[in-house]
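The values are calculated or read from the model by the stated rules, or taken from the named source; none is laboratory data. Values in this document were obtained by computation on a predicted structure and should not be read as measured data. Reconstructed Cβ throughout: ideal geometry from the backbone, glycine too, with neighbour counts over all protein chains shown.
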Amino acid sequence: MPFPISCVIIEDEPAWRRKLHEQLSQFSELKVVGEAESLDEAFTLIETHHPQAAFMDIKLVGGTAFQLMDRLENRKIPIPTTVMITGFPEYALEVLNKYRKHVVKFLPKPMLENWREKLRDAIDTVTVDLMQKEAKDYFVIRTPESIVKVPFAETAWLEVAPKGKIYLVSDKDEFLVNQTLASFLEAHPHAPVQQISRNFAINTCRIQRVLTVTREVAIEYRGEEKIIGIGDSFYSALMNSF
């Protein structure tokens, strides 16, 4: 993925817009290519520059970020990977549900304390999202310390562990995935991985046999068989791909 990441700042408050530009300019992996305060200006800015990322408030002059995204989508203009920085936390649920495909981070405003750490975390999240969109034969995982590429061929299964934590199990290691199972699979549409139950998704290239009586599947893992149960609602879809 080419660096620096091109980004825009969309914010209706001039003082905060200047402050955010100053803060983002301290990260060498970013390049701010423009700013906008209104819905119309933001649309033109994105249409012209096609930035990879946007740092955006929800309420804009003449509209909202939601209207901006809808307009971009209707005109078939790529929506940049977005970090929402806003003083309206009541919109968080709507953002993370309806627009979760585009909004990867939601930050409350103002960021008076630990702003560098908060922006660093947001930029790393943007980086992973952009890398995932380009990945053709590997998973991109963000761990607490690093960003890791795991080849599809080395991946055995994904598992939802207690407390909702997601783990990717490969031939070499296990990785904690900082995403939901659904969003992680959606981010890697080229992966030969299929969900077979509420808590498991497997590499279908490793299927050795399907146990039809017990509704289980055997996959190859480190030279041996790993038996995993198949959920009733997932059985037909698995058999169609077997």
- For region 187-242, name all the residues that are hydroxyl-bearing (S, T, Y) and closer than 19 Å to T155 by Cβ. S197, T204, Y221, S241
- Residues of region 93-116 being surrounded by fewer than 17 Cβ atoms within 10 Å (Cβ to Cβ) and part of a helix (DSSP H, G or I), which ones? L93, E94, L96, N97, K98, W115, R116
- Is it true that H49 is crowded, with 18+ Cβ neighbours inside 10 Å and in contact (Cβ under 8 Å) with a residue 12 or more places away in the chain? no
- Query: aromatic (F, W, Y), in a loop (DSSP other than H, G, I, E, B) and either under 23 Å from T127 (Cβ atoms) or touching a helix residue (DSSP H, G or I) at 6+ places or on another chain (Cβ under 7 Å) (or both): does that describe F27?
  - Reply: yes
- Just give me the residues in region 131-161 being among the small types (G, A, S), touching a strand residue (DSSP E or B) at 6+ places or on another chain (Cβ under 6 Å) and not in a loop (DSSP other than H, G, I, E, B), in sequence order. A156
- Message: Any residue that is under 22 Å from K98 (Cβ atoms), part of a loop (DSSP other than H, G, I, E, B) and either over 24 Å from the mean Cα position of the chain (by Cα) or small (G, A, S) (or both) - is there at least one of those in region 12-23?
- Response: yes
- Which number in (1) modelled with pLDDT of 95 or more; (2) in contact with a strand residue (DSSP E or B) (Cβ under 9 Å, 6 or more places away or on another chain) marks the one condition that P78 misses? (2)
- Item | Selection within region 1-22 - of a type outside the set (A, V, I, L, M, F, W, C), surrounded by fewer than 23 Cβ atoms within 10 Å (Cβ to Cβ) and either over 12 Å from L60 (Cβ atoms) or touching a Lys or Arg at 6+ places or on another chain (Cβ under 6 Å) (or both) | P2, P4, S6, P14, R18, K19, H21, E22
- Look through region 47-92, keep the residues that are assigned to a helix (DSSP H, G or I) and of a type in the set (F, W, Y), and return whichever of them is nearest to L130 (Cα to Cα). F66
- Query: If I79 passes every condition in (1) surrounded by fewer than 20 Cβ atoms within 10 Å (Cβ to Cβ); (2) over 12 Å from V8 (Cα atoms) but one, which one does it miss?
  - Reply: (2)
- Query: What is the number of the single condition among (1) more than 30 Å from L30 (Cβ to Cβ); (2) crowded, with 18+ Cβ neighbours inside 10 Å that M239 does not meet?
  - Reply: (2)
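Residue-by-condition table, conditions (1) surrounded by 19 or more Cβ atoms within 10 Å (Cβ to Cβ); (2) in the same structural domain as I230 (by TED's automatic domain parsing); (3) of a type outside the set (D, E, K, R); (4) in a strand (DSSP E or B):
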residue	(1), (2), (3), (4)
K118	no, no, no, no
D124	no, no, no, no
D129	yes, no, no, no
K163	no, yes, no, no
S183	no, yes, yes, no
A191	yes, yes, yes, no
C205	no, yes, yes, no
